[in-house]
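The values are calculated or read from the model by the stated rules, or taken from the named source; none is laboratory data. Only a predicted model underlies this, so the values are computations on that prediction, with no experimental measurement involved. Glycine also receives a Cβ, built like all others from the backbone with ideal geometry; neighbour counts cover every protein chain displayed.
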């Protein structure tokens, strides 16, 4: 399930990257402006990084047992 969480979070990163790109071109989706798009992208990237780190630690612990 952790792998699925990382994949879904990665999809969220793609969504916020597209939303930010469109907001920069003044074509906002779902009312996301440049600031909110950038903030969402940064937060989602951090969430994805931490989920990936948790997945790596869980795999390492599983192999040690």
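Among residues that are surrounded by 14 or more Cβ atoms within 10 Å (Cβ to Cβ), under 17 Å from the mean Cα position of the chain (by Cα) and not in a loop (DSSP other than H, G, I, E, B), residue 23 is not included.
From the list 14, 4, 45, which residue is assigned to a helix (DSSP H, G or I), exposed (fewer than 14 other Cβ atoms within 10 Å of the Cβ) and at pLDDT 95 or above? Going through 14, 4, 45 in turn, the sole match is 14.
Whenever a residue of region 13-35 is without any contact (Cβ under 8 Å) to a residue 60 or more places away in the chain, its partners that are surrounded by fewer than 17 Cβ atoms within 10 Å (Cβ to Cβ) and not in a helix (DSSP H, G or I), lying with C-beta atoms within less than 6 angstrom and at least six residues away or across chains, give the pairs 19/29; 22/29; 23/33. With the structure loaded, tell me whether residue 40 is without any contact (Cβ under 8 Å) to a residue 60 or more places away in the chain, in a helix (DSSP H, G or I), out of contact with any strand residue (DSSP E or B) (no Cβ under 7 Å at 6 or more places or on another chain) and farther than 17 Å from residue 5 by Cβ or whether it fails that test. Yes: the conditions hold for residue 40.
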